[in-house]
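Asker: Following this message is one structure expressed as structure tokens.
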Amino acid sequence: MPTANDLIKEKTLRLTKIPDEFLDAVSKAQKELFPEVIDLLSQLKVDSQGNIILDNANLELSADLKEQLKQILLQSDYISAVKEFTKQFDAQATITNQLVRKSFDFTDFDKAKKLIQLSKRNTSDILINSIGDDAFANAITEQVNIALSNNASFKETVKSIQDIVIGNDKVDGKLQQYAKQVAHDQFAIADRSYTSAVADEVGAEWFKYSGDTIESTREFCQVRHNKFYYYKEIEDWSDLKWDGKIPGTTEKTIFSTAGGYNCRHSIIPVSIFAVPKKDIERNINNGNFKPSDKLKKQLGLD
């Protein structure tokens, strides 16, 4: 039976591990996509010098190219990678449930389940429709249209498209570039939003700011790392300014946005009996928290 600390550790490690595994799968999928793209583009007519010609047949292919590329993407391992990634949202919620039950009387409830489904749909839409169009179908189609307009070399065009699809020694392929920008945030925000909804359901008031520190961890998270806070203190953070803060963060959404872009921390509900006395006393002294005499005695605050 895992302890609360075991579950916190697992929950924290997964904020980095799961998106990283997804990005590895995207990198592999890009390489498998490239031959299929080249097979499609091999239909382009070229002149005796190997340059793409501007004629009706090539224009017709160009006009239909975007839809054909989207179909290639939708039948690829990239879609399988996205589906596996979003499945992990459910697994993360299960870990949260186990963790919360260590301190609170909690059973699954519809609001939290619907929240996870919404997060999964939004993430799939971003990774498949938004990124798929912009970073794959549109990007390749635009490169082909440029080649048509300029009677460009087919060989050079293939090289440019290779850079778009799988990248080179300096840049990642476009799908991975864009996925890197959203994967960690989508997973972490979904995790924190679900945790916040569960915390509301069980009436939690005390939280631990727990997570992983990485090279780019900002000062906001460093000073709060593995420390305990009363909910009013966390709400007050939304009024602060710091680099990386997500625009529109409010006293309610701070529990989902936390330290901002690429934040690897969770705001985990805990029992007051797990909170160090100094943190409880801080909130008594600043007027945030007024325990009953009975609770004071239970906490050894008399």
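Asker: With the convex hull built on the Cα atoms of the range 175-216, state its orientation-averaged projected area in nm².
Answerer: 3.9 nm²
Asker: Non-local amide H neighbours of SER266 (under 5 Å, H modeled in plane, Pro and chain starts lacking H): which ones?
Answerer: SER210, GLY211
Asker: Follow-up question, since we're still on this one. Quickly work out the ASP200-to-ASN138 label distance, labels modelled 7 Å from Cα along the C-beta direction, and quote it in nm with one decimal.
Answerer: 3.3 nm
Asker: Of the residues SER160, SER292, SER130, which exhibits the maximal mean-square fluctuation in a Gaussian network model of the chain defined by a 10 Å Cα contact cut-off?
Answerer: SER292
Asker: Using a cut-off of 20 Å between alpha-carbon atoms, which lysines can reach LYS45, once sequence neighbours fewer than 8 places away in the same chain are excluded?
Answerer: LYS66, LYS155, LYS159
Asker: In terms of Cα to Cα distance under 17 Å, which aspartates and glutamates are near enough to LYS241, apart from those fewer than 8 places away along the same chain?
Answerer: Within the straight-line limit of under 17 Å, LYS241 reaches these aspartates and glutamates: GLU219, GLU233, GLU251.
Asker: Let me ask you something else. Once the mean 1/r over all distinct Cα pairs of the chain is inverted, what Kirkwood radius in angstroms do you read off?
Answerer: Mean inverse Cα-Cα distance, inverted, gives 22.0 Å.
Asker: Quick check: the distance between the Cα centres of the range 183-256 and the range 131-178, to the nearest angstrom?
Answerer: The two parts, judged by their Cα centres, are 38 Å apart.
Asker: Turning to a different aspect of this structure: Efficiency by 1/(1 + (r/R0)^6): what FRET value for GLU21 and ASP55, r their Cβ-Cβ distance, R0 = 30 Å, to the nearest 0.05?
Answerer: The formula returns an efficiency of 0.05 here.
Asker: I've got another one for you. Are any of the pairs LYS11/LYS114; LYS9/LYS245; LYS111/LYS278 more than 23 Å apart by Cα-Cα distance, and if so, which?
Answerer: The answer is LYS9/LYS245; LYS111/LYS278.
Asker: With every atom except the alpha carbons ignored, what do you get for Rg and Dmax of the range 127-167, in angstroms?
Answerer: 10.8, 33
Asker: Across bins of 10 angstrom width beginning at 0, how are the C-alpha pair distances of the range 167-280 distributed, in whole percent?
Answerer: 14, 43, 29, 10, 4, 0
Asker: When ranked by the protection proxy of mean other Cβ atoms within 10 Å per residue, highest first, what sequence do the peptides 242-252, 136-146, 270-280 form?
Answerer: So the order, starting with the most tightly packed, is 136-146, 270-280, 242-252.
Asker: Principal axes first, then extents: for the Cα atoms of the range 110-192, list largest minus smallest coordinate on each axis, whole Å, largest first.
Answerer: On the principal axes, the range 110-192 reaches 58, 25, 11 Å in Cα extent.
Asker: Within the chain, which DSSP H helices have Cα atoms that stretch 24 Å or more along the helix axis and a mean Kyte-Doolittle hydropathy of at least -1.0?
Answerer: 4-41, 56-74, 77-100, 174-202
Asker: Just to be sure I understand the model, the point goes 7 Å from the Cα along the line to the Cβ. What's the resulting ASN286 to ASN150 distance in nm?
Answerer: 5.8 nm
Asker: Follow-up question, since we're still on this one. Straight distance only, please: which aspartates and glutamates reach the Cα of LYS296 with their own Cα at less than 19 Å, same-chain residues fewer than 8 apart left out?
Answerer: GLU205, ASP279, GLU281
Bear in mind these aren't lab numbers, they're just calculated from the coordinates by the rules spelled out. The structure presented is a predicted model; accordingly, all values stated were derived computationally and were not measured. Cβ atoms come from the backbone with ideal geometry, glycine included; neighbour counts cover every protein chain shown.
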